[in-house]
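Written out below as structure tokens is the structure these notes cover.
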Amino acid sequence: MKRQKREAMLNGPVFKTMMRLALPTIGVLVAQTLVSVAETYYVSFLGTSALVGVSMVFPLWMLMTMMAAGGIGGGVASAVARAAGAGRHADVDALILHAIVIAVAFGLAFSVLVIGFGPHLYAALGGTGEALKSAQTYSIFVFLAAVPIWIVNLLSAVLRGVGNVKVPATVTLVGALVLIPLSPLFIFGLGPFHGFGLAGAGIAISLYYWLAAIVLIRYMASGRSGLHLRRSPLRVDLFRDILKVGILAALGTIQLNIMVLLVTGAVGKFGVEAIGGYGTASRLDYVLIPILFGLGTAVLTMVGTNIGAGQIARARKIAWIGVAASVVITETIGLMVALFPDLWLGLFTHDAAIKQTGALYLHVIAPLYAANAIVFALGFAAQGSGHMWRIFLAGTVRLAIAAGGGWLAVSAFGASLEALFIIVLSGMVISAVICVVTELSGAMWPRTSPDDSAKAQLA
């Protein structure tokens, strides 16, 4: 089975293979979103303080999961895919242990930092009284599971790296089916079983991830995946292979979070209704992420496998097919909501002032959602190739223009809300242009010998 998947990625139809890899991952992300929505709904019954407390913890949770799944996880999937494509099967097996070591290190770091310093951060965000206590309680139980959360994400990345998307999808979907009824049981209790209140929500998440981590470790150790977790010496070159991609990808997720935070702050200068409108409209950006991430991880795996096999021309073809698929999907949705913003905004609010700001955002940004799709698709392709520092630079330029330039324009020069959104759009478009130029110049691809190039052209 593993050989068939490798053959499909190296010589099979590109779009069909990409969809086979992408759709289960998209399903996983949708399931995770539903779990998050369900948990927020349950917590809302505990009162405003509990809801505010969870909301303060959420950005840290999102930052950690994005770093684990798309940041360091991208580095793991890239290293595994390139090793598998090159036929270095012993290295593929060894990378499993290296991924677990990295997961434990990052997980412990998040546990110590958030549990130790979280209360100060929540207070700085404005948390007081019961809301601050709720944030502390929830974060303690959630981040006690930071290590298994990282293990689950990085082992899932190992499996994605060899084209096995069904097992990670199954683990996540089973988790969703368990967590949706388990959370209210631990929060509210049932019959003689007394609930734990807000702590119960964190306990349910922790319990799931500890069990999922154990299941995945046993699965990898059994050899049933076609891979085999076993004791082996730790090697600097394998850590480097993961982290040279993973660190830049993780920093990219931090950049994205900083940009959203600073743009929100700039919008806030126009009043509460403006924040509500921007938040409601930009929520669509996050809804599109599961689609872009699902397609992107498929592109990463296929590109990495072909890079390992020396098929550079096919890897570039895969990257552009990934770009095309991402652009078609996001641009279709973008044009629809730009023309009919109430299709989206009307789902969340009937407030005229909020709708006005939301419609302005969608009129300016949504028609060029394609730019964001290009950045995502080529970013994942660069992770697969192992050459992504220029793509990271594109993200840095976007942060400087959209967040830095936007904040300065509003604060120092009194720019309008429309001008702020145009600046945000400019950052997105310029970032996409940098990514395209990087690909066309060949800077995100390894240099090949004549023999490799000939092999790639024949593929």
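The values are calculated or read from the model by the stated rules, or taken from the named source; none is laboratory data. This is a predicted model, so every value here is computed, not measured. Please note: Cβ atoms are built from the backbone with ideal geometry, for glycine as well, and neighbour counts cover all protein chains shown.
Some observations on this one:
- Looking across region 84-95, just one residue is surrounded by 24 or more Cβ atoms within 10 Å (Cβ to Cβ) and either among the acidic types (Asp, Glu) or at pLDDT 95 or above (or both), and that is LEU95.
- The set of residues from region 2-42 being of a type in the set (Val, Ile, Thr), under 30 Å from LEU121 (Cα atoms), touching a Ser or Thr at 6+ places or on another chain (Cβ under 9 Å) and in contact (Cβ under 8 Å) with a residue 60 or more places away in the chain comprises just one member, VAL35.
- If you go through region 414-428 and keep only what is more than 12 Å from HIS363 (Cβ to Cβ) and either hydrophobic (A, V, I, L, M, F, W, C) or surrounded by fewer than 21 Cβ atoms within 10 Å (Cβ to Cβ) (or both), you end up with GLY414, ALA415, SER416, ALA419, LEU420, ILE423, VAL424, SER426, MET428.
- Residue list for region 206-232, filter: out of contact with any Leu (no Cβ under 7 Å at 6 or more places or on another chain) and surrounded by 20 or more Cβ atoms within 10 Å (Cβ to Cβ): TYR209, ALA212, ALA213, LEU227
- Residues in region 113-135 include at least one that is assigned to a helix (DSSP H, G or I), at pLDDT below 95, in the same structural domain as ARG230 (by TED's automatic domain parsing) and basic (Lys, Arg).
- Qualifying position, being on the phi > 0 side of the Ramachandran plot and surrounded by fewer than 23 Cβ atoms within 10 Å (Cβ to Cβ), among GLY265, GLY346, GLY271, GLY276: GLY271
- Only a single item in (1) over 29 Å from VAL80 (Cα atoms); (2) in contact (Cβ under 8 Å) with a residue 24 or more places away in the chain is not met by GLY271, and it is number (2).
- As a summary of the residue check, LEU21 satisfies the conditions (1) of a type outside the set (Phe, Trp, Tyr); (2) surrounded by 16 or more Cβ atoms within 10 Å (Cβ to Cβ); (3) closer than 17 Å to VAL287 by Cβ except for the one numbered (3).
- Flag if ILE254 is within 18 Å of MET18 (Cα to Cα), at pLDDT below 90, of a type in the set (A, V, I, L, M, F, W, C) and in the same structural domain as THR438 (by TED's automatic domain parsing): no
- Scanning region 147-165 for residues that are within 13 Å of GLY74 (Cα to Cα) and not aliphatic (A, V, I, L, M) yields TRP150, ASN153, SER156, ARG160, GLY161.
- When SER55, SER78 are screened for being of a type in the set (Gly, Ala, Ser) and without any contact (Cβ under 8 Å) to a residue 40 or more places away in the chain, only SER55 passes.
- Of all the listed residues (LEU132, LEU159), the sole one being within 19 Å of LEU229 (Cβ to Cβ), surrounded by 17 or more Cβ atoms within 10 Å (Cβ to Cβ) and touching a residue at least 40 places away in the same chain (Cβ under 8 Å) is LEU159.
- Boolean, GLY379 is under 21 Å from the mean Cα position of the chain (by Cα), assigned by TED's automatic domain parsing to the domain that holds VAL303 and closer than 30 Å to ILE312 by Cβ: yes
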